[in-house]
Amino acid sequence: MLRALQAVLAAFFGVQSERNRQRDFQQSSPWPYILAGLFMAGVFVVLVLLVARWAAAS
Amino acid sequence: MLQLLYRSCGLLLLLTGPALASAINTSSGWNMPPGVTDISREIYSLHMIIFWICVAIAVVVFGVMFWSLFVYRKSKGAKPAHFHENTTVEVIWTAIPLAILVIMAIPATATLKKIYDASDAEIDILVTGYQWRWHYQYLDQDISFFSNLGTPRSQILGEEDKGDFYLLEVDNPLVLPVGKKVRFLFTSNDVIHAWWVPDLAIKKDTIPGFINESWTIINEPGTYRGQCAELCGQDHAYMPIEVRAVTEEVWLSWLDEQRETAAAEAASGEREWTLAELNERGAGVYTTYCAACHQADGSGMPPAFPALRGNPVMTSAEGRDKHINAVLFGRPGTSMPGYGTTLSVNDLAAVITYERNAWGNDTGDAVQPSEIRALLDR
Ligand SMILES: [Cu+2]
């Protein structure tokens, strides 16, 4: 699961090394990646919301 | 060889330097105007900060590029490298732009917050876009009027030399006092327009059924011009904006003047007008409101815009009611709008009379303002 999170973060940032990519694509199931992706998308939305609120309040 | 490159670079800078400097000089007209409000100056300095950041990035990126092109050229025996991906470099060239964007967002957000804070305004003005004119209503002063293109038709048609403010002048400018917070409410009567005055740093869409908001405090008296910035149909280019900023005393006396004119106008709607009076006024109204489609000589642009000259509706007694009805309430299913709510009864009576008598239509009909008033009140 930690590996999936790391892969999702790399995807969000837009840079991933070839070694990690090979490792990720040798996994048996894509589900940890899909779930981690959805979870991180939610975290990102909440983060943007919090930053916007903080900026509007300060 | 390297020396030659340095020299040519220096020459290039020498040649383009003054041009660049004068382009950045705001009076040249190439750059964005700093404007006459605190907000517009803030936006201008944001624009300049970001411009210089872009220049710095360009110098670094193109510098490295041209330097590598020159130093590692094939004729010097340079061999291309054959590697794929370098994660460290990729992380760096993603993180640096990200950091630059965040740095730029901080002052931009601070300014945005000020732009959206329309609270505590002393004057409220409702700006309504029409095809193709602006309407201004001073909500607390009980004053409202249309602001039409002031450039004469003859200049547009090329029969006369163009004036200094060609297509940037109006008959009734928006008059505002300096040093007071003015809140604008924007909406539209028909399609989407945009009220854009660069010197006030305001560019807002006016959307039917919506109200947008903005505000300004003008620092310096003067005349500030703008245009509709949203393509809105045939005469989109012919609905300019003219804002006249004056001292408070001048503004107050202007308000009194406007109220007097409005009262006199209302009073004259009661009396009987002569045919000549109606025709004279009607000619002006026709030029402003009708000539764009029906043409100055009444020949129209058939089939979309029918001719009025020689039209049986305008030349016969039977057509009179139909004619008045079309001008007041429009013709559903065509592009003819009703002017019953936009023009005064005096203007309506005058323009209908004019159309029934101009270009050889010669009915001799004088349509009285009182008759129009009765129809509109029904
Ligand atoms: Cu427009």
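The values are calculated or read from the model by the stated rules, or taken from the named source; none is laboratory data. The structure displayed is predicted, hence computed values, not measured ones. Glycine gets a Cβ as well: all are built from the backbone with ideal geometry, and neighbour counts include every protein chain shown.
Condition (residue is assigned by TED's automatic domain parsing to the domain that holds B:Q131, farther than 22 Å from B:L149 by Cα and more than 16 Å from the ligand (Cβ to nearest atom)) applied to region B:188-204: is it met by at least one residue? No, there is no match, as no residue in region B:188-204 is assigned by TED's automatic domain parsing to the domain that holds B:Q131, farther than 22 Å from B:L149 by Cα and more than 16 Å from the ligand (Cβ to nearest atom).
One residue is enough: does region B:273-283 have a residue meeting the conditions assigned to a loop (DSSP other than H, G, I, E, B), of a type in the set (F, W, Y) and buried (at least 16 other Cβ atoms within 10 Å of the Cβ)? So far as region B:273-283 goes, yes, one or more of its residues are assigned to a loop (DSSP other than H, G, I, E, B), of a type in the set (F, W, Y) and buried (at least 16 other Cβ atoms within 10 Å of the Cβ).
Of the conditions (1) more than 16 Å from the ligand (Cβ to nearest atom); (2) surrounded by 14 or more Cβ atoms within 10 Å (Cβ to Cβ); (3) in a loop (DSSP other than H, G, I, E, B), B:E220 clears all except one; give me its number. Here B:E220 clears every test but (2).
Among the residues of region B:331-350, is any over 33 Å from the mean Cα position of the chain (by Cα) and free of Cβ contacts under 8 Å to residues at least 12 places away in the same chain? No, region B:331-350 contains no residue that is over 33 Å from the mean Cα position of the chain (by Cα) and free of Cβ contacts under 8 Å to residues at least 12 places away in the same chain. For region A:5-43, the set of residues classified as hydrophobic (A, V, I, L, M, F, W, C) and either touching an Asp or Glu at 6+ places or on another chain (Cβ under 9 Å) or within 14 Å of another protein chain (Cβ to nearest Cβ) (or both) consists of A:A7, A:L9, A:A10, A:A11, A:F12, A:F13, A:V15, listed by residue number. Output the residue which, of all residues in region B:224-240 that are within 10 Å of the ligand (Cβ to nearest atom) and not in a loop (DSSP other than H, G, I, E, B), is farthest from the other protein chains (Cβ to nearest Cβ). Step by step, filter region B:224-240, then rank; the result is B:Y238. Taking residues in region B:292-306 that are among the hydroxyl-bearing types (S, T, Y), and partners anywhere that are surrounded by 16 or more Cβ atoms within 10 Å (Cβ to Cβ), the pairs with Cβ atoms closer than 9 Å and at least 6 places apart or on different chains are B:S299/B:A307; B:S299/B:L308; B:S299/B:R309; B:S299/B:W359.
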